[in-house]
Ligand code: IFM
């Protein structure tokens, strides 16, 4: 940091003594003294700030020729320079080759006529009082009524505004008008009389201006745009010179204080004769002071200062170090970009901590021994955290960044880490503190602190890291570290690390933040009346967003890359619980998760063949090679050996994989996949079922000896879930193969349909119930809800043998059918099956309560649905099942999204339209959801009686019992006695 910058900083008020991520500023009087002032120094400063990653937004009433003509900045980024001009009517992005228009709001012919009419009326009203004004027709969206008393004021310098005001007020007083405020009120009344809706009446002292837009529109645009780049209002500095009243009117820069920017820091560098509104920092000093502020921001960035992570409702904070809960906390604070995941352990070595970095698809060992490979860590410092030291960790859910503050032996170290969502596989770490605490012997290290070096490679996984150190004038040491991981060999890892380091920490940071913000556009969900529930829901979404990379293949394990439980194996959790979220919010990631299955189709064929069947049989658990990886025994609660039969018998996985592929097609409309890989998956899985099904002498078809989703009952016959999913699989394969005229011949297709029709499904029309498997209704009748609080591990509570002989269900089994394939079950059978099975379900799996929440919402039982949604959303936050230490329950997180989107929102990807059937609990007020259907991104605002669809392009929606409605960019519907109708 230069000595000038140190001096400039020393004089700044505390609110400004920090790093900002964006500056939104006024032009005339703030950035430049006036329009004739030389701006060369400012140009160079803004270009350097852009290169250092700061976003800059000019908001001014004037036009492009004036601002760009004076500034001529040509920034290279990563910080963006945007010009919001003409009082909020135009936005330009300035690139190295000059300004490019981003937005332009032009008045329609009607609006223009209304403006003229309003301005004419206003001029007439003023004239009636003896004040003659000329109406100046201005570009785009406004008319100005000239108040200038004398020609010498035609282009007044900013410094002379006080004198001009006096002269104008004298002129108004002569007409009996009490200041600018009253002149504006007269114009406002005229605008209303002329029927001009939402007119903006302002004054720059020279004129009274009537317009369709003003600076507040520009500010609103700026904050929305910054939010989309991952910059929260709390990270923004607003600078102006006229916040206080002028001539009875609010200062023009007070229009920058819009609700969208609540939380931003505002500073005035103007003279402000009437003071500034509450909350605005009064600095004074004009453009020189503004330049000093910018210099300070530049120095902070060039010194490598860490960006703050403000607590704006999107963070998870953990204070202190609790050895008992440490591993739970590390899972909760895990970072991932879909290719590499890292637990949120302290950056220092600490007893009881279990740091870990995992690379997607990187396993060691084979068969059931295959487990996620341990790779060296990238976020370690050479510090040991003792019992008296302090630790605070904050995860920003919106941008996937983890900040830590450690105080070790009284010395403070701060860090920030992220796994780049913009460059999956690349991780960035920054630390500041005393040099000796940052000086690790090598950038890559093992969990116990043992140094590894700058590069590492084993078992096909490679890692490389680069480091840069510096020290600022105040003596604070700083460290930037970039690491890269991958399966493409050491050269690729080294190249990615070099490229990351060359891009620089600020660029990595800015692009990562923007990538996250982009994902929230379609992934966010908000329960307007409940910020704590919203935060818990967003916690789930924030771990689902980076669950899968969006190219190549993604092996998404049950705990993804947040912990080593289940050894990183892939289950149905991915296809059925996680994939719908990805397909409906970021299809490329869903496609990568499916690619994992596509590339293991041969392994699945081998599984089927070796068991004497045809087609493809997917393994219950799998790792890199796609072969069965389920352990054969596990240790029971008292250390006893428990045989595990799931690998042999939990066969529904084969239909689940097919279902995931179909769900992806239904959400995305990806025809290429549908006709090729998707068809192959459906056909090969159908072939498996066709060879697996036993046809009895009476012609009925059966599947014997399976385990359904309810794992308390093993080796059962005719499990309703397995049979109906197999039926669905055969029928969907038949439909797709006939439609494509490929994949299977007519005889085979006919045989599939016949088998599907013959499969028993356990439905008892008299009771309206599906029997979970043959003989279930004859088991000991036990209602677990009456025996214990739930969730409960009923097999532990009652013993494995007792639950095996009782009507106690671990997780939805029959009910999964109502959730996944409602068209395959008896119409109207949801209520009876919910009423029967839910009280008998222990919710002994984390996969259970979220699906029930979804179904209960569909059935209109909103209170219980809300209760189970809350339980699921807090499952890992509260470590409800005491298993979070091993990693987050990603499938449960997927079920949180499904409960909201499919349950409460009633979303269904239909053939011609997105199905909608909202059931919003009145206590919630409003449920807001993002979604992407067939390439169209939409935002849904759902209330008990209304639904608003805002889409980036025309979107077809359908409410139950109604025709398809083609929504434009915005459509509103209301619930009537006859169903939902457009309003
Ligand atoms: O796939 C699940 C299963 O349904 C219940 N036991 C845990 C598995 C992995 O999450």
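Given the structure, is residue 484 crowded, with 19+ Cβ neighbours inside 10 Å, in contact with a helix residue (DSSP H, G or I) (Cβ under 8 Å, 6 or more places away or on another chain) and at pLDDT 95 or above? Spell out the reasoning first.
On the way: crowded, with 19+ Cβ neighbours inside 10 Å: yes; in contact with a helix residue (DSSP H, G or I) (Cβ under 8 Å, 6 or more places away or on another chain): yes; at pLDDT 95 or above: yes.
Yes: the conditions hold for residue 484.
I'd like to know if region 99-110 contains one or more residues that are modelled with pLDDT under 95 and in contact with a helix residue (DSSP H, G or I) (Cβ under 7 Å, 6 or more places away or on another chain).
yes
Okay, residues lined up against (1) away from the ligand (no atom under 16 Å from the Cβ); (2) on the phi < 0 side of the Ramachandran plot; (3) buried (at least 24 other Cβ atoms within 10 Å of the Cβ); (4) assigned to a helix (DSSP H, G or I):
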site: 642; (1), (2), (3), (4): no, yes, no, no
site: 664; (1), (2), (3), (4): yes, yes, yes, yes
site: 679; (1), (2), (3), (4): yes, yes, no, yes
site: 685; (1), (2), (3), (4): yes, yes, yes, yes
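So that you can scan it fast, the table gives a plain yes or no per residue for (1) surrounded by 23 or more Cβ atoms within 10 Å (Cβ to Cβ); (2) part of a loop (DSSP other than H, G, I, E, B); (3) within 16 Å of the ligand (Cβ to nearest atom):
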position: 772; (1), (2), (3): yes, yes, yes
position: 777; (1), (2), (3): no, no, no
position: 786; (1), (2), (3): no, no, no
position: 789; (1), (2), (3): no, yes, no
position: 792; (1), (2), (3): no, yes, yes
position: 801; (1), (2), (3): no, no, no
position: 811; (1), (2), (3): yes, yes, yes
position: 823; (1), (2), (3): no, no, no
position: 827; (1), (2), (3): no, yes, no
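Please state which of the following conditions residue 92 fails to meet, knowing it meets all the rest: (1) surrounded by 16 or more Cβ atoms within 10 Å (Cβ to Cβ); (2) over 30 Å from residue 196 (Cβ atoms); (3) within 29 Å of the chain's Cα centre (by Cα).
Going through the list (1) surrounded by 16 or more Cβ atoms within 10 Å (Cβ to Cβ); (2) over 30 Å from residue 196 (Cβ atoms); (3) within 29 Å of the chain's Cα centre (by Cα), residue 92 breaks only (2).
Going by what's in this entry, would residue 591 be described as modelled with pLDDT of 95 or more, within 16 Å of the ligand (Cβ to nearest atom), over 22 Å from residue 846 (Cβ atoms) and under 28 Å from the mean Cα position of the chain (by Cα)?
On the way: modelled with pLDDT of 95 or more: yes; within 16 Å of the ligand (Cβ to nearest atom): no; over 22 Å from residue 846 (Cβ atoms): yes; under 28 Å from the mean Cα position of the chain (by Cα): yes.
For residue 591, the condition - modelled with pLDDT of 95 or more, within 16 Å of the ligand (Cβ to nearest atom), over 22 Å from residue 846 (Cβ atoms) and under 28 Å from the mean Cα position of the chain (by Cα) - is not met.
So which of 469, 513, 495 is outside any loop (DSSP other than H, G, I, E, B) and touching a helix residue (DSSP H, G or I) at 6+ places or on another chain (Cβ under 9 Å)? Outline the logic, then answer.
On the way: 513 fails: touching a helix residue (DSSP H, G or I) at 6+ places or on another chain (Cβ under 9 Å); 495 fails: touching a helix residue (DSSP H, G or I) at 6+ places or on another chain (Cβ under 9 Å).
Going through 469, 513, 495 in turn, the sole match is 469.
Is region 603-619 home to any residue that is within 16 Å of the ligand (Cβ to nearest atom) and surrounded by fewer than 23 Cβ atoms within 10 Å (Cβ to Cβ)? Outline the logic, then answer.
Looking only at region 603-619, we keep the residues that are within 16 Å of the ligand (Cβ to nearest atom), and these are 618-619.
Cutting the leftovers down to surrounded by fewer than 23 Cβ atoms within 10 Å (Cβ to Cβ) gives us none.
No: region 603-619 contains no residue that is within 16 Å of the ligand (Cβ to nearest atom) and surrounded by fewer than 23 Cβ atoms within 10 Å (Cβ to Cβ).
Across region 207-226, what is the number of residues that are touching a helix residue (DSSP H, G or I) at 6+ places or on another chain (Cβ under 7 Å) and either part of a loop (DSSP other than H, G, I, E, B) or closer than 15 Å to residue 264 by Cβ (or both)?
Quick first cut of region 207-226, residues touching a helix residue (DSSP H, G or I) at 6+ places or on another chain (Cβ under 7 Å) only: 208, 210, 212, 214-216, 219-220, 223-224.
Subset that is either part of a loop (DSSP other than H, G, I, E, B) or closer than 15 Å to residue 264 by Cβ (or both): 212, 214-216, 219-220, 223-224.
The total comes to 8.
Are there any strands (runs of 3 or more DSSP E) wholly within region 248-323 with 3 or more residues that are over 24 Å from the mean Cα position of the chain (by Cα), and if so which? Reasoning before the result, please.
Details: elements: 265-268, 280-282, 315-319.
Per the criteria, 265-268, 280-282.
Would you please name the residue that is nearest to the ligand (Cβ to nearest atom), looking only at residues in region 572-588 that are assigned to a helix (DSSP H, G or I) and more than 25 Å from residue 710 (Cβ to Cβ)?
Just the residues of region 572-588 that are assigned to a helix (DSSP H, G or I), to begin with: 572-585, 587-588.
Subset that is more than 25 Å from residue 710 (Cβ to Cβ): 582-585, 587-588.
Details: 582: 17, 583: 19, 584: 21, 585: 21, 587: 24, 588: 24 Å.
Ranking the qualifying residues of region 572-588, first place goes to 582.
Look through 952, 979 and report the one residue that is more than 16 Å from the ligand (Cβ to nearest atom), touching a strand residue (DSSP E or B) at 6+ places or on another chain (Cβ under 9 Å) and at pLDDT below 95. It would help to see each step written out before you state the result.
Values: 979 fails: touching a strand residue (DSSP E or B) at 6+ places or on another chain (Cβ under 9 Å).
Selected residue: 952, the only one of 952, 979 that is more than 16 Å from the ligand (Cβ to nearest atom), touching a strand residue (DSSP E or B) at 6+ places or on another chain (Cβ under 9 Å) and at pLDDT below 95.
Just checking, which of 755, 817 is within 16 Å of the ligand (Cβ to nearest atom) and within 18 Å of residue 701 (Cβ to Cβ)?
On the way: 755 fails: within 16 Å of the ligand (Cβ to nearest atom).
Every option except 817 fails the conditions.
Can you pull out every residue in region 955-976 that is out of contact with any strand residue (DSSP E or B) (no Cβ under 6 Å at 6 or more places or on another chain) and outside any loop (DSSP other than H, G, I, E, B)?
Correct list: 975, 976.
Just for region 544-571: of the residues that are crowded, with 24+ Cβ neighbours inside 10 Å and in a helix (DSSP H, G or I), which one is farthest from the ligand (Cβ to nearest atom)?
Ranking the candidates gives 544 first.
Quick one: would you say residue 371 is at pLDDT 95 or above and surrounded by fewer than 21 Cβ atoms within 10 Å (Cβ to Cβ)? Give the steps one after another, and end with the answer.
Numbers: at pLDDT 95 or above: yes; surrounded by fewer than 21 Cβ atoms within 10 Å (Cβ to Cβ): yes.
So residue 371 passes the test.
Inside region 877-915, can you point out the residues that are crowded, with 23+ Cβ neighbours inside 10 Å, touching a residue at least 40 places away in the same chain (Cβ under 8 Å) and away from the ligand (no atom under 16 Å from the Cβ)?
The initial filter retains those residues of region 877-915 that are crowded, with 23+ Cβ neighbours inside 10 Å, namely 884, 887-905, 907, 914.
Keeping just the survivors that are touching a residue at least 40 places away in the same chain (Cβ under 8 Å) gives 884, 887-904, 907, 914.
Passing the criteria: 897, 899, 900, 901, 902, 903, 904, 907, 914.
Could you list all residues from region 703-719 that are in contact with a helix residue (DSSP H, G or I) (Cβ under 8 Å, 6 or more places away or on another chain) and away from the ligand (no atom under 16 Å from the Cβ)?
The answer is 703, 705, 715.
When the residues of region 843-862 are narrowed to those that are surrounded by 24 or more Cβ atoms within 10 Å (Cβ to Cβ) and away from the ligand (no atom under 12 Å from the Cβ), which ends up nearest to residue 790 (Cα to Cα)?
Filtering first and then ranking leaves 849.
Return yes when residue 164 is in contact with a helix residue (DSSP H, G or I) (Cβ under 9 Å, 6 or more places away or on another chain), in a helix (DSSP H, G or I), in contact (Cβ under 8 Å) with a residue 24 or more places away in the chain and crowded, with 19+ Cβ neighbours inside 10 Å and no when it is not. Give the derivation first.
On the way: in contact with a helix residue (DSSP H, G or I) (Cβ under 9 Å, 6 or more places away or on another chain): yes; in a helix (DSSP H, G or I): yes; in contact (Cβ under 8 Å) with a residue 24 or more places away in the chain: yes; crowded, with 19+ Cβ neighbours inside 10 Å: yes.
Yes.
Please give the number of the condition residue 942 fails out of (1) surrounded by fewer than 21 Cβ atoms within 10 Å (Cβ to Cβ); (2) closer than 25 Å to residue 666 by Cβ; (3) touching a strand residue (DSSP E or B) at 6+ places or on another chain (Cβ under 8 Å).
All conditions are met except number (1).
Just wondering, is there one or more residues in region 284-294 that are modelled with pLDDT under 95 and surrounded by fewer than 20 Cβ atoms within 10 Å (Cβ to Cβ)? Let's see the steps before the verdict.
Looking only at region 284-294, we keep the residues that are modelled with pLDDT under 95, and these are none.
Checked region 284-294: no residue is modelled with pLDDT under 95 and surrounded by fewer than 20 Cβ atoms within 10 Å (Cβ to Cβ).
Which members of region 48-65 meet the condition of being in contact with a strand residue (DSSP E or B) (Cβ under 9 Å, 6 or more places away or on another chain), surrounded by 20 or more Cβ atoms within 10 Å (Cβ to Cβ) and at pLDDT 95 or above? If you could, list the steps in order and put the result at the bottom.
The first filter runs over region 48-65 and keeps only residues in contact with a strand residue (DSSP E or B) (Cβ under 9 Å, 6 or more places away or on another chain), leaving 49-50, 54-64.
Now drop any that are not surrounded by 20 or more Cβ atoms within 10 Å (Cβ to Cβ), which leaves 49-50, 54-61.
Of everything in region 48-65, those that are in contact with a strand residue (DSSP E or B) (Cβ under 9 Å, 6 or more places away or on another chain), surrounded by 20 or more Cβ atoms within 10 Å (Cβ to Cβ) and at pLDDT 95 or above turn out to be 49, 50, 54, 55, 56, 57, 58, 59, 60.
The values are calculated or read from the model by the stated rules, or taken from the named source; none is laboratory data. What you are looking at is a predicted structure, and each value in this text was computed from that prediction instead of being measured. Cβ coordinates were reconstructed from backbone atoms using ideal geometry, including for glycine residues, and neighbour counts include every protein chain displayed.
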